[in-house]
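Below is one structure, written out as structure tokens; the observations come after it.
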Amino acid sequence: MDSVEDTKGNNGDLGELRVSNLRLCWVSKKNRRTNICIGHNCITSVNVRAATSRIKGSTQSLYVLTKYHNQRFEFIFTATASESATESLFASMQGVFRAYDSSRLYRDLKLRGALIVDRELRLLPLEQTYSRVNGVWNLSAEQGNLGTFFISNVRVVWYANLAENFNVSIPYLQIRSVKVRDSKFGQALVIETSPASGGYILGFKVDPKETLDYVFKEISSLWQVYAANPVFGVEYRPDASGLAGSASGIMPSEQDVEIVEPADRGDALAQYYADGAGGKGADRDPVYCAELGLAVEGLKEGLTVEQLWSVL
């Protein structure tokens, strides 16, 4: 979508807004190095509220609330073309965010979820099951729990035969390594997950040895195939109204991007802190600023007025 204003951080500055299956990107027309990239995983809510734009004045804008490293940020985008463009922006962004939020099983490790119905795996829309392996012991407990493996194109699922709600779904996206190791129960399949998913080390006992080798090779192969062509599960098809106004569908393209981080760029996110939460918290006591010759609210520790001006 063209002619979109970053109302909170760069009020009066128009840019281009792109919404993909994984992120939201705004790039200034004046300087392409002035840009914002927000992963959908950081977004907590999307809604439309009143805002004040230098270009449109009082208008309805898209508010995107995010959370990252225990800090909350607020981004406001205004479509300056027309009211229908604002509606299109909101419909597209909300639709993509809902599609992302409802497909987390493709990407997030899940413990004790509603994964099994009548001893069968509840398949995701883009999922295909390749193998079902019975008699797999989960070695998380001292005595182990007997269960069943499902191996698909996007994840590995294990559930206990005596309790279907005792289960684990491990997407290939979160797997760090797959190995066969010795344990006190004999040789076991060990799956280590990424730090982002908790850094779990999950052990499974598979008998006989031939079945263990087969399961290890199949999971390793499917993991490599997934790494080459990942399935994120985000499906969104905008209708005619979703592409109204100045919004348009674009073909996927390879991006040649170089991220440049100046040595002392200040806190570039300072303008986007959500009031009353995360980064700012309560108002700080006023202090005299010799550089400005004014009393100003005290700055965060390690932040200077010069750094804040450099953000602009």
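The values are calculated or read from the model by the stated rules, or taken from the named source; none is laboratory data. From a predicted model like this one, the values you see are computed outputs, not experimental measurements. All Cβ positions, glycine included, derive from the backbone under ideal geometry; neighbour counts span all protein chains shown. Surface areas here come from the heavy atoms of the whole protein model, side chains and all, with no ligands, DNA or RNA. Shrake-Rupley method; radii C 1.70, N 1.55, O 1.52, S 1.80 Å.
Here are the numbers for the structure shown:
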| read-out | value |
| --- | --- |
| Pairs, first of a type in the set (D, E, K, R) in the stretch 138-167, second in a strand (DSSP E or B) and buried (at least 17 other Cβ atoms within 10 Å of the Cβ), C-beta under 7 Å, six or more apart | ARG155/SER169; ARG155/ILE170; ARG155/PRO171; GLU164/ILE116 |
| Residues being buried (at least 17 other Cβ atoms within 10 Å of the Cβ) and not in a loop (DSSP other than H, G, I, E, B) - total across the stretch 100-135 | 7 |
| Number of positions in the stretch 136-149 that are open to solvent by less than 10 Å² (accessible area, probe 1.4 Å) and touching a Ser or Thr at 6+ places or on another chain (Cβ under 8 Å) | 2 |
| Residues (open to solvent by 40 Å² or more (accessible area, probe 1.4 Å) and under 18 Å from LEU14 (Cβ atoms)) located in the stretch 66-81 | ALA81 |
| VAL234 vs. criteria modelled with pLDDT of 60 or more and either farther than 25 Å from LEU89 by Cα or surrounded by 11 or more Cβ atoms within 10 Å (Cβ to Cβ) (or both) | yes |
| Of the criteria (1) in contact with a Lys or Arg (Cβ under 9 Å, 6 or more places away or on another chain); (2) open to solvent by less than 50 Å² (accessible area, probe 1.4 Å); (3) assigned to a strand (DSSP E or B), which one MET1 fails | (3) |
| Yes/no for ALA196 being in contact with a helix residue (DSSP H, G or I) (Cβ under 8 Å, 6 or more places away or on another chain), within 24 Å of GLY113 (Cβ to Cβ), modelled with pLDDT under 95 and not in a strand (DSSP E or B) | yes |
| So TYR63, is it open to solvent by 60 Å² or more (accessible area, probe 1.4 Å), free of Cβ contacts under 8 Å to residues at least 60 places away in the same chain and among the aromatic types (Phe, Trp, Tyr) | no |
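Each row is one residue, and each column tells you yes or no for (1) among the polar types (S, T, N, Q); (2) at pLDDT below 95.
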{"site": "ASP118", "(1), (2)": "no, yes"}
{"site": "SER152", "(1), (2)": "yes, no"}
{"site": "VAL157", "(1), (2)": "no, no"}
{"site": "ARG176", "(1), (2)": "no, no"}
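Per-residue answers, yes or no, for (1) at pLDDT below 85; (2) in contact with a Leu (Cβ under 6 Å, 6 or more places away or on another chain); (3) part of a strand (DSSP E or B); (4) open to solvent by less than 30 Å² (accessible area, probe 1.4 Å):
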| site | (1), (2), (3), (4) |
| --- | --- |
| GLU5 | no, yes, yes, yes |
| GLY15 | no, no, yes, yes |
| ASN21 | no, no, no, no |
| ARG32 | no, no, no, no |
| ASN41 | no, no, no, no |
| THR44 | no, yes, yes, no |
| ASN47 | no, no, yes, no |
